[in-house]
Amino acid sequence: MARMPEAEIDVAADLVVSLLAEQAPDLAHLPVRPVGGGWDNTLFRLGEDLVVRLPRRAVADALMVAEQQWLPRLTSSLTVPTSAPLRTGRPGAGYPWHWSVCRWIDGTSGIAVPRAQRSSSVVALARFLAEFQRPAPPDAPASPVGRGGPLAARDDVVRTRLATLPEIPGAPVTSLLRVWESAVAAPDWAQAPLWLHGDLHPGNVVLRPGGALAGVVDFGDLCSGDPATDLAAAWLHFDAAGRSAFRAELERLRPSDAETWARARGWAVNMGSSLAASSDDFPAFLALGVEILAAVVED
């Protein structure tokens, strides 16, 4: 199994303070404290209302630049709060990459909320997708891992993952393969490419007590293409009742054909198998991957 990549730079609070003093001096007096991070970025709370996001690996710099270029205009009219940059930082103070100051969204990471309790976010998450997935221009960023593209491009990778995964209760490999093959056989998206979050799993949403959606965060996989990539959120987030409600609400706001939903289910197989195969040092993400695969078969 894969493990979380090592940080290429150890980003510390004093570096954040130096960057702020150099490029956003009006914010440099605010207290800075680490609040975790993920594969690509390290996060520091800045005062009560802001968070600083800094790449921890060189590969994440281009993703940060894409967020800075596109997100402010893409999110300005959304009714759901996001982590779009409020200030954009550049290399400096001995730090080689771009960084951003974003809104701090109070709440709990969706991955820490049991699946059955996420259903309170159904309407707002569907609204986010209906608002965000607009036609993208030709120069929109492309996903380096093929998100938004044809599922067939992932066929070998997904089959290999499924063949090597331990047996998952409620999700036999034969059933997962049937779902996957049906999704790959569905016609590809033939309309104009739409904007995609690209990684809309529960760890990238913030929920309020009771499960209502507080905001959507981490657009590092921002790209364009087939909306089915993000519609996979039905299986990534929700139990059977939640999936049904999510799909009904999204159909009300912006109908999608059966082939798009079939591809969305295939994207859920891709994402679930990826998490299940590469999260041995992240128990919450490993459990999420297993849950996703079981949900895919349940339907």
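No lab work stands behind these numbers, since they all come straight from the coordinates. Small disclaimer: the values here were computed from a predicted structure and weren't measured. When we count neighbours, we look across all protein chains shown, and the Cβ atoms used for this are built from the backbone with ideal geometry, even at glycine.
Annotations for the structure displayed:
- Rounded to whole Å, sorted largest first: equivalent-ellipsoid semi-axes of the range 191-278, Cα gyration tensor: 19, 17, 14
- Radius of gyration and maximum dimension Dmax of the range 123-259, Cα, Å: 15.5, 43
- When only the Cβ of Lys, Arg, Asp and Glu is charged (+1, +1, -1, -1), the dipole of the chain relative to its Cα centre reaches about 440 debye.
- Result for the chain in a Gaussian network model with C-alpha springs under 10 Å: among TRP39, TRP235, TRP180, the largest mean-square fluctuation is at TRP39.
- Cα centroid separation - the range 1-45 against the range 255-299, whole Å: 30
- Computed [θ] at 222 nm, deg cm²/dmol, the chain (DSSP H ≥ 4; -39,500 (n - 2.57); rounded to nearest 500): -12500 deg cm²/dmol
- The chain - convex hull of the alpha-carbon atoms, volume per residue in Å³: 122
- Cα gyration tensor, the range 1-110 - rounded (a/c under 1.5), prolate or oblate: rounded
- The chain: most fluctuating residue of ALA245, ALA232, ALA93 per GNM, C-alpha cutoff 10 Å: ALA93
- Among the trypsin sites (Lys or Arg not before Pro) within the range 231-299, not one is in coil by DSSP while having at most 11 neighbouring Cβ atoms inside 10 Å.
- Selected from ASP40, ASP257, ASP106 as most flexible by GNM, with the chain as the system and alpha-carbon contacts under 10 Å: ASP257
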